[in-house]
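The values are calculated or read from the model by the stated rules, or taken from the named source; none is laboratory data. Remember, it's a predicted structure, so these values are computed and weren't measured experimentally. Glycine also receives a Cβ, built like all others from the backbone with ideal geometry; neighbour counts cover every protein chain displayed. Only protein heavy atoms, including side chains, enter the accessible area calculation; ligands, DNA and RNA are left aside. Shrake-Rupley method; radii C 1.70, N 1.55, O 1.52, S 1.80 Å.
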Amino acid sequence: MSPAQRLRANARRQANIYLGRGKITRQPCESCGAEKAQMHHDDYSRPVDVRWLCRPCHLAHHRAAA
């Protein structure tokens, strides 16, 4: 596992722990308002700083960033 992959995995793991403990609350998609949204990290070095995007908006965000 590369250092970048390890950083991403650790950020996701920490965010999921905080979500489970109630330190992060699930939100609707910030783009379209859909109720079912996933966590997105803009900066993996800040694992609890997440944005909430539904799957289509999340994919569109990554396509636009590429």
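Remark: pairs (first residue in segment 37-66, among the acidic types (Asp, Glu); second residue in a loop (DSSP other than H, G, I, E, B) and surrounded by fewer than 11 Cβ atoms within 10 Å (Cβ to Cβ); Cβ separation under 7 Å; 6+ apart in sequence or on different chains) = Asp49/Asp43.
Here is a check on your reading of the model: is Lys23 closer than 22 Å to Ala64 by Cα, in a loop (DSSP other than H, G, I, E, B) and modelled with pLDDT of 95 or more? So Lys23 does not fit the description; no.
For segment 7-33, a tally of residues being under 16 Å from Cys54 (Cα atoms) and free of Cβ contacts under 8 Å to residues at least 12 places away in the same chain returns 2.
With the structure loaded, tell me whether Ala37 is of a type in the set (Gly, Ala, Ser) and open to solvent by less than 50 Å² (accessible area, probe 1.4 Å) or whether it fails that test. Criteria met by Ala37.
Residue by residue through segment 26-49, note down the ones that are farther than 22 Å from Ala65 by Cα and of a type in the set (Asp, Glu). Answer for segment 26-49, where residues must be farther than 22 Å from Ala65 by Cα and of a type in the set (Asp, Glu): just Glu35.
Residues checked against (1) of a type outside the set (S, T, N, Q); (2) at pLDDT below 95; (3) open to solvent by 50 Å² or more (accessible area, probe 1.4 Å):
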{"position": "Ala9", "(1), (2), (3)": "yes, no, no"}
{"position": "Arg12", "(1), (2), (3)": "yes, no, yes"}
{"position": "Trp52", "(1), (2), (3)": "yes, no, no"}
{"position": "Ala64", "(1), (2), (3)": "yes, yes, yes"}
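The set of residues in segment 39-61 that are of a type in the set (A, V, I, L, M, F, W, C) and more than 16 Å from Lys23 (Cα to Cα) comprises Leu53, Cys54, Cys57, Leu59, Ala60.
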